[in-house]
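The values are calculated or read from the model by the stated rules, or taken from the named source; none is laboratory data. Since this is a predicted model, take the numbers as computed values, not measurements. Cβ atoms come from the backbone with ideal geometry, glycine included; neighbour counts cover every protein chain shown.
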Number of protein chains: 2
Amino acid sequence: MSSANLSIGVDIGGTKILAALVDEAGNVSGQVHRDTPNHDVAGIERAIAEVIHELSGGNEGLPVGIGAAGWMDRKGRNVLFSPHLSWRNEPVRDRLMKLVGHEVTLVNDADAAGWAEHRFGAGQGESDMVCLTLGTGIGGAVILGGQVHRGKSGIAGEFGHQVMVPGGHRCACGNRGCWEQYASGNALGREGAELVRSKSPVAFRLREAVGDNPEAVTGAIVTKLAIEGDPACADLISDMGEWLGLGISNLVSVLDPGTIVIGGGLGAASKELVAKAEETYRRTLSGRGYRPFAKISQAQLGPASGLIGAADLARFNQQQ
Amino acid sequence: MSSANLSIGVDIGGTKILAALVDEAGNVSGQVHRDTPNHDVAGIERAIAEVIHELSGGNEGLPVGIGAAGWMDRKGRNVLFSPHLSWRNEPVRDRLMKLVGHEVTLVNDADAAGWAEHRFGAGQGESDMVCLTLGTGIGGAVILGGQVHRGKSGIAGEFGHQVMVPGGHRCACGNRGCWEQYASGNALGREGAELVRSKSPVAFRLREAVGDNPEAVTGAIVTKLAIEGDPACADLISDMGEWLGLGISNLVSVLDPGTIVIGGGLGAASKELVAKAEETYRRTLSGRGYRPFAKISQAQLGPASGLIGAADLARFNQQQ
């Protein structure tokens with residue numbers, strides 16, 4: 001790892017803060033974890049400042065990039081809304097800059113993860129790509145012409161809230177039928193819970209795993225059992241792969257990227273999910289046979305992708 | 001109209017070729033029409049060359065832009081596929097250049113129409129916009145950073161083939177449930193025909209207008225009756241406006257543009273359609289209340305928008 005051109009990347013999730021030093025080749029060192037002080041804005045901001053202080057080790061000139069689940073305005077000054085944290089149209093960047101003592105770059109966490117894959121992972125060399133971060137929901141990044149496409153308000157790439165099933169499952173965003181109600185860890189957990197509730201004999205391993213308690217089913221449990229060979233859970237992954245592939249077709253119809261990168265905890269966990277998504281995509285893309293298929297790839301950088309991308313974007317900002 | 005900086009714009013539709021001289025402010029003169037020699041590639045190409053020859057009036061140096069329904073590759077050399085014409089992965093631009101005797105610019109017709117609205121119409125001053133051309137289907141243009149976003153293969157903006165209703169109405173693209181099966185002239189015609197078939201008393205005016213023959217119903221007839229005040233046809237327009245608004249929400253989730261321009265014959269005909277689409281969009285956009293709404297506007301340039309945009313893009317190409 002080169003000691004030159006280090007920058008600090010911070011990824012603020014709903015439950016934990018992950019931070020590290022990142023060099024210009026995307027290598028990570030000195031990783032630190034903190035629990036996220038949930039729903040306590042001042043506490044979160046102090047925790048971020050402490051982590052940055054710790055990593056900088058006295059070198060106050062390092063670029064700092066912070067990725068967070070939320071909508072930043074186009075310039076990354078204000079957080080318009082954050083689903084897990086309590087920021088609501090607040091000048092978060094300026095407050096953090098005061099706490100930290102110098103410039104920080106504030107970006108959407110899914111944009112950061114997508115940027116990392118573009119620079120150092122599955123999307124290297126691809127100027128036009130889309131990255132899906134499959135976790136509890138669907139995070140999205142759009143890279144066009146080698147740059148993050150942020151959109152007019154800074155909120156582009158909210159793929160998860162495309163309505164795929166009018167009148168379908170209720171989404172936390174207030175609508176029904178959003179894509180992430182069919183292709184995410186939460187969706188997988190909901191489907192698994194229904195199977196347990198139905199007392200279906202095909203679900204005996206899942207029922208056993210959660211002591212017959214549907215409330216205890218999570219996407220992670222379903223994924224784990226599927227990987228271990230449980231056919232019922234494998235079917236749920238396969239169903240979800242179809243939804244994923246359908247949504248990918250829609251994105252390709254709109255954006256026509258060269259590559260789709262599928263990441264996030266769920267995307268990383270299941271090759272079968274990605275394979276099923278690709279199969280469905282190839283069956284569904286409008287104009288198949290008369291156009292090339294965009295490549296579908298599993299993300300390569302794992303859970304550090306968000307902090308890597310945030311750190312790298314901060315380095316870019318500082319150079320400009 | 002300034003005589004300086006004229007260029008020639010040609011718009012090739014399924015039934016007619018429309019062409020004219022266009023000045024640098026987007027003003028049109030000398031408009032000519034030809035019937036499109038359907039399914040006869042050589043005939044179409046000869047007709048295009050004749051029209052261009054006629055308009056150039058001996059001045060062979062004028063830039064020529066040709067918009068056609070079809071998928072051009074990113075550089076506009078080959079037509080990969082055209083739904084109405086018989087081009088299938090053919091080097092159309094080179095053949096036209098031979099016929100015409102100099103450089104031509106070949107673009108997708110919906111991209112051309114969107115570009116015209118961006119430069120001279122409802123999207124002036126808006127660097128990030130989306131244009132929907134509602135005709136028999138849905139044509140789409142994506143303008144980002146003041147440029148047409150063509151995508152990796154040249155096929156971005158195929159909004160009409162996003163699946164909005166999995167398992168829904170069959171589409172000519174081979175899938176089911178494409179957006180244009182719910183929000184287009186064809187969709188309106190199909191719904192009207194079903195109303196006539198049902199012999200519903202609410203549809204007495206529509207039944208009368210087509211002599212009780214469902215096969216005779218078209219989107220244009222439904223639109224005309226709605227504008228004349230027929231409540232049944234107005235309901236069909238309103239239903240379609242809801243589908244339109246839902247799809248617009250999805251596009252805004254992905255792209256976050258500043259403006260959505262709704263054009264095409266159907267978009268131009270019905271203010272009620274556009275108003276209903278906007279109402280639904282404002283009810284459906286994910287994150288409403290925490291983000292600005294993109295503006296929704298009716299297109300301003302009418303049926304000449306395609307040729308205006310093609311001519312203007314040709315002028316840009318020549319300047320580079």
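Listing for the model above:
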read-out: Residue count, the range A:108-161 (criterion: closer than 14 Å to A:Ala310 by Cβ, touching a Phe, Trp or Tyr at 6+ places or on another chain (Cβ under 9 Å) and surrounded by fewer than 24 Cβ atoms within 10 Å (Cβ to Cβ)); value: 1
read-out: Tabulated pairs, the range B:236-260, first without any contact (Cβ under 8 Å) to a residue 12 or more places away in the chain, second assigned to a helix (DSSP H, G or I) and buried (at least 24 other Cβ atoms within 10 Å of the Cβ), C-beta under 6 angstrom, 6+ apart or interchain; value: B:Val254/A:Val254
read-out: Residue match in the range B:63-86 (condition: more than 23 Å from B:Gly157 (Cα to Cα), assigned to a loop (DSSP other than H, G, I, E, B) and in contact (Cβ under 8 Å) with a residue 24 or more places away in the chain); value: yes
read-out: Filter result for B:Ile48 (part of a strand (DSSP E or B) and either within 23 Å of B:Ala116 (Cα to Cα) or assigned by TED's automatic domain parsing to the domain that holds B:Asp111 (or both)); value: no
read-out: Which numbered condition A:Lys199 fails, given (1) part of a loop (DSSP other than H, G, I, E, B); (2) at negative phi; (3) not hydrophobic (A, V, I, L, M, F, W, C); value: (2)
read-out: Set A:Arg170, A:Arg93: member being out of contact with any helix residue (DSSP H, G or I) (no Cβ under 6 Å at 6 or more places or on another chain), free of Cβ contacts under 8 Å to residues at least 40 places away in the same chain and either facing chain B (nearest Cβ under 9 Å) or closer than 25 Å to B:Gly177 by Cβ (or both); value: A:Arg170
read-out: Search result, residues across the range A:111-155 that are more than 14 Å from the chain's Cα centre (by Cα), within 9 Å of chain B (Cβ to nearest Cβ) and small (Gly, Ala, Ser); value: A:Ser127, A:Gly145, A:Gly151, A:Ser153, A:Gly154
read-out: Considering residues of the range A:279-301 that are assigned to a helix (DSSP H, G or I) and surrounded by fewer than 16 Cβ atoms within 10 Å (Cβ to Cβ) only, the residue farthest from the chain's Cα centre (by Cα); value: A:Arg283
read-out: Residue count for the range B:249-272, restricted to those that are assigned to a helix (DSSP H, G or I) and at negative phi; value: 14
read-out: Condition met for A:Leu55 (farther than 15 Å from B:Tyr290 by Cβ, in contact with a helix residue (DSSP H, G or I) (Cβ under 8 Å, 6 or more places away or on another chain) and either hydrophobic (A, V, I, L, M, F, W, C) or assigned to a strand (DSSP E or B) (or both)); value: no
read-out: Any hit, the range A:42-52, residues being loosely packed, with under 15 Cβ neighbours inside 10 Å, in contact with a strand residue (DSSP E or B) (Cβ under 9 Å, 6 or more places away or on another chain) and small (Gly, Ala, Ser); value: no
